[in-house]
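Below is one structure, written out as structure tokens, with a few remarks after it.
The values are calculated or read from the model by the stated rules, or taken from the named source; none is laboratory data. The structure presented is a predicted model; accordingly, all values stated were derived computationally and were not measured. Quick reminder, even Gly has a Cβ in these numbers, built from the backbone with ideal geometry, and neighbours come from all protein chains shown.
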Amino acid sequence: MAKAELKSNTKTEIEDSSSLKGTLASVFFIGFFIIVLWVGVYFLYLDRF
Amino acid sequence: MHVHKYEKIWLIFGITTLIVFLSVVGVSAFYAGNQPPSCLTVIDPEKVDSTAPFNEPGLKKVEGKDWDYELVFVAQAFAYTPGDVEVPLGAKVKVIATSKDVIHGFEVAGTNINMMVEPGYISEHITTFDKTGEYLILCNEYCGAGHHMMMSKIKVVE
């Protein structure tokens, strides 16, 4: 009886994760979005009596 | 420990932002003197009608204080006393409110005046009415069957 082939020939792709540029850009995007919201709400508060 | 340059940038940015936001709150509280509307001033809720200033609700001119007027409101299910009031434009007013029965809300729609009115406590808010118009006061704490009809009005007039 033939043994089931266990050896897999698919090669695991290892992504190059050394560049964090995209990560930095996306966290700054969210960071500035939060700041804009915060400042907007704060000025709304200051503008009203 | 190795920390990536970008991580350092982000951490500095995040911490700086946090410090700025918290400083604004701190300056507001300790320099500008902002405090919660109900700041431990107490009253006997059963004797509201005979306790000053709630024995005469409405707008009153005061002398020798940081504000020009005191606007006294009594809240009870399901109305405010006074039912509507006129305030001169530009007046610095201390709004003082309390409740005779359950917790009510006191929200002047479209303004920063928004406080809980609790039986046994006096809620206060100091503000300058610098825009003319008619402002609706609403109860925003569910107080019973007539909650949705509980309202009053402030007219800011020249």
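Odds and ends about this structure:
- Residues of the stretch A:21-47 that turn out to be among the hydroxyl-bearing types (Ser, Thr, Tyr) and either within 18 Å of residue B:27 (Cα to Cα) or exposed (fewer than 10 other Cβ atoms within 10 Å of the Cβ) (or both), as a count: 2
- Scanning the stretch B:99-152 for residues that are over 23 Å from residue B:29 (Cα atoms) and among the polar types (S, T, N, Q) yields B:99, B:132, B:140, B:152.
- Only listed residue being farther than 20 Å from residue B:37 by Cα and in contact with a strand residue (DSSP E or B) (Cβ under 7 Å, 6 or more places away or on another chain), chosen from B:111, B:132, B:81, B:128: B:132
- Residue within the stretch B:101-124 that is touching a Phe, Trp or Tyr at 6+ places or on another chain (Cβ under 8 Å), at negative phi, in the same structural domain as residue B:43 (by TED's automatic domain parsing) and of a type in the set (D, E, K, R) present: no
- Filtered residues of the stretch B:32-49 (kept if polar (S, T, N, Q) and either modelled with pLDDT of 90 or more or under 12 Å from residue B:97 (Cα atoms) (or both)): B:38, B:41
- The residues of the stretch B:95-137 that are in a strand (DSSP E or B) and β-branched (Val, Ile, Thr), listed by number, are B:95, B:96, B:98, B:108, B:117, B:122, B:126, B:127, B:128, B:137.
- Total residues in the stretch B:85-133, condition over 9 Å from the mean Cα position of the chain (by Cα), more than 14 Å from chain A (Cβ to nearest Cβ) and within 21 Å of residue A:44 (Cβ to Cβ): 1
- Qualifying residue in the stretch A:8-15 (condition: in contact with a strand residue (DSSP E or B) (Cβ under 8 Å, 6 or more places away or on another chain) and either more than 8 Å from chain B (Cβ to nearest Cβ) or modelled with pLDDT of 70 or more (or both)): no
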